[in-house]
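The values are calculated or read from the model by the stated rules, or taken from the named source; none is laboratory data. The structure displayed is predicted, hence computed values, not measured ones. Backbone-built Cβ (ideal geometry, glycine too); neighbour counts: all protein chains shown. Heavy atoms of the whole protein, side chains included, go into the accessibility calculation; ligands, DNA and RNA do not. Shrake-Rupley method; radii C 1.70, N 1.55, O 1.52, S 1.80 Å.
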Amino acid sequence: MSVPLSILDLVSISEGSTARDGIAASMDSARIADQLGFHRIWFAEHHNTPNLASSATALLISQAASVTERIRLGSGGVMLPNHAPLMVAEQYGTLANIHGDRIDLGLGRAPGTDMMTAQALSRSSAEPHAFAQSIYDLQGWFSETGTAHSVPIMSAVSAGTEVPIWVLGSTVNGASIAGQLGLPFSLASHFAPDQLDQAIQVYRDSFTADAPTAQIDEPYVMAGINVMVAATDQEATREHTVIEQMFLDIQRGQRRRLQPPVDPDTLSGPGGEGNPMLRIKAVGAPSTVKAQLEEFVERTGADELITVTYAFDPAVRDRSLELLAETWL
């Protein structure tokens, strides 16, 4: 049942730390993940967020690629409405030319921020047709000719790089787009679990292997899951309160950096349950997490898992990665 295991990194900034500290810790974790045998690391684009330093994904990918040897690096994702597609092709083509065949391009239609910031960033449409056309043009810029399909514009730096493109989504709408385009689908179930099962089914049902944009012959699902592994279930549950506090801050409109772990009982609801947005998780001692991951793979039939681990202390995250690798890889 073991499937490839990957990492989604939002480059968190803990209270008392700086963006520089967060980026340095992220690169240290990338080195460790590379040595441990994780399949890929993706960086997620976010803006106007005080506790995340993952705004410029291409720069983070390049730095991570320079300190690793074999692991794949990519975006999870580039929020396409914020960028001119030609610039994306040139940036990721440049990455592929510098670092070789280790670069992925995950694309999303959400802005990755609030509406005011989205307006400041906006460069292209998020409508499904425009999104699909941008993907088709990007594939042209990554092809041997290096020329977009809709306009006679060439990108020499991306020509022939054939950078793999993924579609990101959290709903049946995103799943349908990925399926109709014949592209691999990365499902954001780690924070948007409500349509998990329906989205995977829609993706598989709508998958079109002979679409002009198709890059794979069969559906491929990578599903997100929150993970924290520690020596005991109790310790892991306490460390997991770091991300629970982060989501509570979002709901309350508080703008804080990552907070230290707290007693889990102080965050639980009336029935002892945690945040429902974070219910897709594997939290506990190694044996507990292994069982939870196996259950998630059995439920979803995911071809790959992408894990999200927040920790106030970067050493806690790195230890979680080590225990996870010992358990699964």
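Structure data summary
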{"read-out": "Prolate/oblate/rounded call for region 239-329, Cα gyration tensor, a/c under 1.5 rounded", "value": "prolate"}
{"read-out": "Residue of Val67, Val88, Val167 that the Gaussian network model of the chain assigns the largest fluctuation, springs spanning Cα pairs under 10 Å", "value": "Val67"}
{"read-out": "Residue of Leu183, Leu73, Leu248 that the Gaussian network model of the chain assigns the largest fluctuation, springs spanning Cα pairs under 10 Å", "value": "Leu248"}
{"read-out": "Principal-axis tilt of helix 241-252 within the chain, Cα atoms, nearest 10 degrees", "value": "70"}
{"read-out": "Å³ per residue enclosed by the Cα convex hull of the chain", "value": "125"}
{"read-out": "Evaluated over region 1-55, the Cα radius of gyration and Dmax, each in Å", "value": "12.5, 41"}
{"read-out": "Distance in nm between pseudo-label sites at Arg20 and Ala156 (7 Å out along the Cβ direction from Cα)", "value": "3.7"}
{"read-out": "Diffusion coefficient, µm² s⁻¹, Stokes-Einstein with Kirkwood Rh over alpha-carbon pairs of region 176-329 at 37 °C and 0.692 mPa s", "value": "197"}
{"read-out": "Dipole in debye (nearest 20) - region 186-329, about Cα centre, beta carbon charges: Lys, Arg +1; Asp, Glu -1", "value": "640"}
{"read-out": "Solvent-accessible area, 1.4 Å probe, carbon plus sulfur percent, for the chain", "value": "53"}
{"read-out": "Cα-based helix-to-principal-axis angle, 314-328 vs the chain, degrees rounded to 10", "value": "80"}
{"read-out": "Accessible area (Å², per residue) of the chain, counting only protein heavy atoms and a probe of 1.4 Å", "value": "42"}
{"read-out": "Alpha-carbon Debye profile of region 49-110, log10 I(q)/I(0) at 0.21, 0.22, 0.25 Å⁻¹", "value": "-0.83, -0.90, -1.10"}
{"read-out": "Where N is the number of residues in region 195-274, Cα Rg divided by 2.2 N^0.38 Å", "value": "1.63"}
{"read-out": "Shape category assigned to region 10-89 from the gyration tensor of Cα positions, a/c cut at 1.5", "value": "oblate"}
{"read-out": "Spacing of the two label points (7 Å from each Cα toward its C-beta) at Arg255 and Asp303, in nm", "value": "4.1"}
{"read-out": "Two-site FRET efficiency, Asp217 against Asp265, from Cβ-Cβ distance with R₀ of 35 Å, rounded to 0.05", "value": "0.10"}
{"read-out": "Nearest-ten-degree value, helix 128-142 long axis tilted from longest Cα axis of the chain", "value": "70"}
{"read-out": "HN-Hα J in Hz across region 75-84 - Karplus 6.51, -1.76, 1.60, θ = phi - 60°, x for Gly and Pro", "value": "9, x, x, 6, 7, 4, x, 8, 9, 6"}
{"read-out": "In nm, spacing of pseudo-spin labels at His129 and His149 (7 Å Cα→C-beta vector)", "value": "1.5"}
